[in-house]
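Asker: There's a structure below that I have some questions on.
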Amino acid sequence: MKQLVLFFVGLLSFTCCFAQSGQVSPSLPETPKQPVTDNYFGKEVTDNYRWLEDMTKPETVSWFKSQGDYSNAVLDQIPGRNQLIETFVEYDKLLAVRYGEIIKRGNLYFYRKTLPAEKVGKIYVREGKSGSERLIFDPEAFEKGKTYSVSAFTPSPDGKKIVIGLQEGGGEYSTLRTLDVATKTFGPGQIPAVFGGYVVWLPNGSGFVYTPDNSSDPNDPKAAIDTKARLHKLGDSGKTDREIFSRAKYPDLKIKPEQIPDVFFSEDHTQLYGRLGSVDWRNDVWVAAPADLNKPIIPWKRLLTPMDSIQSFVKIGNRLYLNSLKSAPNGQIIVTDASNPNLSTATILLAESKLNITQILATKDYLFVNLSDGINQTIQYYDPKNNGWSTIPMPIKGTMRLESYEASKSNEVNIFGTSWNNPGTFYDFDPQTKKLEVNPFHVPMNYPGVADLVVEEIEIPSHDGVMIPLSLVYRKDLKKDGSAVCLMHGYGAYGISATPSFSRQYLALMNKGVLIAMTHPRGGAEKGLAWHKAGFKTTKPNTWKDFIASGDYLVKNGYTSKEKLIGMGTSAGGILIGRAITERPDLFAAAINNVGISNPLRFELTPNGPGNLPELGTVKDSTESMALYEMDSFHHVKDGEKYPAVINVAGINDPRVIAWQPGKFAAALQNSSSSGKPVLMQVNYDNGHFTEDKTVAFRNFANMYAFCLWQAGHPDFQPLSSK
């Protein structure tokens, strides 16, 4: 179909603005309506843009290309956008080196290291924490003319080999390659279509287990259906790797097609687990002996069912420690015999409290538990030998990311502490000596304006009177007279909490006087399991209503105004921002729908859709289908409504939220809004859901922020003729 272009009347003010400044006025591509009507248990729903779902049709390919070109033309003309990119680069240079994913094998430390001048990280190894380092793999030098990054790397138990997940061209899928650490050469065989690129090595280092998707096509709806966990032996090509855990091989286990089979070992390598992955937090696990991997049929035995309500578990010695949310929505630690587990007779080791258990971690001899009051976290650890609990005296309040260096052999843990206004510090902690010290990999960070930041942690009433946490970060000279631009971010899904973390990109905005508001709507887990369930399936409206209430509070109390308020949601947060602006379009000056789920009624049909049924629901159920319709922002766009300016963002390589999800929402807004404010469909061809490539990421976020700051009236982003 031939693509027509025309001047969109709703963008007249925008067009004239640039015309007066002597710049070229871009034209918005036309999006024709081709209505299709579906019936959901008696409710008829018309979809005008179903044709955009076929990402292989020339018409659709052309539409996304035209929309991307139009968006780029608009964004390229916004004053301040390039300066914002330069600020991101400048702040990035202030961190002399960035270390990540530090993994210990004996006395060898493997890690990712990124210098300011590098787009992506390289993989290094050093002997001892302070030993001289050696470069193992540089993805930028791997193959001339192509761009690669490392999605994950996993050293073998003896540290002699390392499995590297290679992503090409900003794609989400990885190809597994096995590298010899001494010679820095790859062995035979390549394993494609592994999402995430993670593997689990056999204890003897003879191979590893992994779970590939069925294809690496981000548009393939069957890519993650009936996947199979496989065993790879070193030296093999990978084409005949044995199936070890799947629905096809073990029909008696009643595995669902959308569940992802995952095989791994206990921390001490004495038990083998088969876990069925999905967004459901309740563990669904079988157990076997490691030696059973050599049998044609593994005698899997049931360990945990979803009805057991176990969020996580670890093994130390002959004891199994589990975080149980059964009758304890904030979590409690129970313990049972690992050889003959019986949850009905398990002992309560750490009773439920007002604090949420967010993480449990095992080292060789100790159990660590991360607890949160909804914002700040505390780490406790348990010594089974003396049955005693202790607390790590952290010198910082905020988020504490806890990792074990080598759980099977060491008790030392790595802790990264950070907060909204603290760039963070890496610490090492040894429970045997109780010594907490700054990690040798820590690099001091000193960014401009951090000392002038103020943090407010408050609670505000939502639509139904429930008190909602709200985190505010801004410069101390901010005037609460409604004149400040505010970027308000929200997520509220999968029981994921918005915990304090430092953002250099947000700092760049705050140093321009922007207020950052981090919302904590229901659907997250700031107040435990009950908080998650209160923004989930049929209760999902609470998520965007909590977000709206947060915006109303900020306006009412002079932090910002409706003409200055920017709303933002990412991924599942697309439901939040999409429904917020369709329910309260008057509240926002602009909105960012970043790789967002915008058409939940059709999400089930996408590559990542079936695995999300436990969180969002299914159209095959009469109650859940109506809940999906209610959370569907695409179907709540009304003709003639005055919507705020909106930038929708899609990654063309994104299998998690396929590009047509935000694409259809953009089309509906462009053809329906009467406000005269621009609606963009930004299309990124060099990334997926996210990307490690700093150049791409800086451009992407600068585009989003500059667009909204322009629309919110920030003086640094206005065309010359309008200043």
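The values are calculated or read from the model by the stated rules, or taken from the named source; none is laboratory data. A quick note: this is a predicted structure, and the numbers were derived from the prediction, not measured. We place every Cβ from the backbone using ideal geometry, glycine too, and count neighbours over all the protein chains shown. All accessible areas refer to the heavy atoms of the entire protein, side chains included, with ligands and DNA or RNA removed. Shrake-Rupley method; radii C 1.70, N 1.55, O 1.52, S 1.80 Å.
Asker: Hey, D481 hits all of (1) in contact (Cβ under 8 Å) with a residue 60 or more places away in the chain; (2) open to solvent by 40 Å² or more (accessible area, probe 1.4 Å); (3) within 26 Å of the chain's Cα centre (by Cα) but one; which does it fall short on?
Answerer: Answer for D481: the failing condition is (3).
Asker: Residue check: is S216 within 30 Å of A659 (Cα to Cα), open to solvent by 50 Å² or more (accessible area, probe 1.4 Å), part of a loop (DSSP other than H, G, I, E, B) and modelled with pLDDT under 95?
Answerer: Criteria met by S216.
Asker: A further question on this structure: Pairs only if they're at least six apart or on different chains, beta carbon under 6 angstrom, first in segment 584-611 and in contact (Cβ under 8 Å) with a residue 40 or more places away in the chain, second open to solvent by 10 Å² or more (accessible area, probe 1.4 Å) and of a type in the set (S, T, N, Q); list them, first residue then second.
Answerer: Going by the 6 Å Cβ cut-off, the qualifying pairs are A589/Q711; A590/Q711; N594/T570; V595/S571; G611/S278.
Asker: Can you name every one of the helices (runs of 4 or more DSSP H) wholly within segment 609-723 that holds 2 or more residues which are open to solvent by 10 Å² or more (accessible area, probe 1.4 Å) and over 28 Å from G524 (Cβ atoms)?
Answerer: By residue number, 660-672, 694-711.
Asker: So, one more: Do we have I260 as surrounded by fewer than 16 Cβ atoms within 10 Å (Cβ to Cβ), of a type in the set (V, I, T) and out of contact with any Pro (no Cβ under 7 Å at 6 or more places or on another chain) here?
Answerer: no
Asker: Can V36 be described as over 30 Å from F153 (Cβ atoms) and loosely packed, with under 14 Cβ neighbours inside 10 Å?
Answerer: Taking the combined requirement at face value, the residue satisfies it.
Asker: Shifting gears a bit: I'd like to verify a number: residues in segment 368-387 that are among the polar types (S, T, N, Q), open to solvent by less than 20 Å² (accessible area, probe 1.4 Å) and within 15 Å of N414 (Cα to Cα), how many?
Answerer: Qualifying residue count for the region: 1.
Asker: Looking at the structure I just gave you, is T519 closer than 23 Å to A627 by Cα, open to solvent by 10 Å² or more (accessible area, probe 1.4 Å) and not small (G, A, S)?
Answerer: Answer is no for this residue.
Asker: Continuing with this model, one more query. Quick check on segment 144-193: of everything there that is of a type in the set (A, V, I, L, M, F, W, C) and not in a strand (DSSP E or B), which residue is most open to solvent (accessible area, probe 1.4 Å)?
Answerer: By that ranking, first place goes to A182.
Asker: Tell me whether segment 9-31 contains one or more residues that are of a type in the set (D, E), modelled with pLDDT under 95 and either closer than 28 Å to R602 by Cβ or not in a helix (DSSP H, G or I) (or both).
Answerer: Yes, segment 9-31 contains a residue that is of a type in the set (D, E), modelled with pLDDT under 95 and either closer than 28 Å to R602 by Cβ or not in a helix (DSSP H, G or I) (or both).
Asker: Go through segment 331-351 and count every residue that is open to solvent by 60 Å² or more (accessible area, probe 1.4 Å) and among the hydrophobic types (A, V, I, L, M, F, W, C).
Answerer: Residues flagged as open to solvent by 60 Å² or more (accessible area, probe 1.4 Å) and among the hydrophobic types (A, V, I, L, M, F, W, C) within segment 331-351 amount to 2.
Asker: Hey, can you tell me all the residues within segment 219-232 that are part of a strand (DSSP E or B) and either out of contact with any Lys or Arg (no Cβ under 8 Å at 6 or more places or on another chain) or touching a residue at least 60 places away in the same chain (Cβ under 8 Å) (or both)?
Answerer: Selection gives A229, L231, H232.
Asker: Tell me, please, whether a residue that is more than 22 Å from P715 (Cβ to Cβ) and either buried (at least 20 other Cβ atoms within 10 Å of the Cβ) or within 21 Å of the chain's Cα centre (by Cα) (or both) can be found in segment 506-516.
Answerer: no
Asker: Please list, ordered by first then second residue, the pairs with beta carbon atoms under 7 Å, 6 or more apart or interchain, first in segment 274-296 and within 20 Å of D213 (Cα to Cα), second open to solvent by less than 30 Å² (accessible area, probe 1.4 Å) and among the charged types (D, E, K, R).
Answerer: Note: pairs meeting the criteria are R275/D284; L276/D284; V279/E615.
Asker: Oh, and also: Open to solvent by less than 30 Å² (accessible area, probe 1.4 Å) and within 30 Å of the chain's Cα centre (by Cα), is that true of I225?
Answerer: no
Asker: Does I136 count as without any contact (Cβ under 8 Å) to a residue 60 or more places away in the chain and in contact with a helix residue (DSSP H, G or I) (Cβ under 9 Å, 6 or more places away or on another chain)?
Answerer: Against the criterion (without any contact (Cβ under 8 Å) to a residue 60 or more places away in the chain and in contact with a helix residue (DSSP H, G or I) (Cβ under 9 Å, 6 or more places away or on another chain)), I136 does not qualify.
Asker: While we're looking at this one, here's another question. Which residues, taken from segment 550-588, are of a type in the set (G, A, S), buried (at least 24 other Cβ atoms within 10 Å of the Cβ) and over 19 Å from V514 (Cα atoms)?
Answerer: Of everything in segment 550-588, those that are of a type in the set (G, A, S), buried (at least 24 other Cβ atoms within 10 Å of the Cβ) and over 19 Å from V514 (Cα atoms) turn out to be A572, G573, G574, G578, A580.
Listed here are the residues, each with its yes/no results for (1) touching a helix residue (DSSP H, G or I) at 6+ places or on another chain (Cβ under 6 Å); (2) modelled with pLDDT under 95; (3) under 28 Å from A193 (Cβ atoms); (4) not hydroxyl-bearing (S, T, Y).
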| residue | (1), (2), (3), (4) |
| --- | --- |
| A645 | yes, no, no, yes |
| V649 | no, no, yes, yes |
| Q661 | no, no, yes, yes |
| S675 | no, no, no, no |
| H689 | no, yes, yes, yes |
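Asker: From G197, G235, which residue is among the small types (G, A, S), under 24 Å from E168 (Cβ atoms), part of a loop (DSSP other than H, G, I, E, B) and at pLDDT below 95?
Answerer: Going through G197, G235 in turn, the sole match is G197.
Asker: Got a sec? Which of S390, S404, S408 is at negative phi, touching a Ser or Thr at 6+ places or on another chain (Cβ under 8 Å) and open to solvent by 10 Å² or more (accessible area, probe 1.4 Å)?
Answerer: Testing whether each residue is at negative phi, touching a Ser or Thr at 6+ places or on another chain (Cβ under 8 Å) and open to solvent by 10 Å² or more (accessible area, probe 1.4 Å) leaves just S404.
Asker: Now for a separate question. In segment 85-116, how many residues are under 26 Å from the mean Cα position of the chain (by Cα) and within 21 Å of A152 (Cα to Cα)?
Answerer: Qualifying residue count, segment 85-116: 15.
Asker: Could you please give the count of residues in segment 411-440 that are closer than 20 Å to I316 by Cβ, open to solvent by 10 Å² or more (accessible area, probe 1.4 Å) and hydrophobic (A, V, I, L, M, F, W, C)?
Answerer: Of the residues in segment 411-440, 0 are closer than 20 Å to I316 by Cβ, open to solvent by 10 Å² or more (accessible area, probe 1.4 Å) and hydrophobic (A, V, I, L, M, F, W, C).
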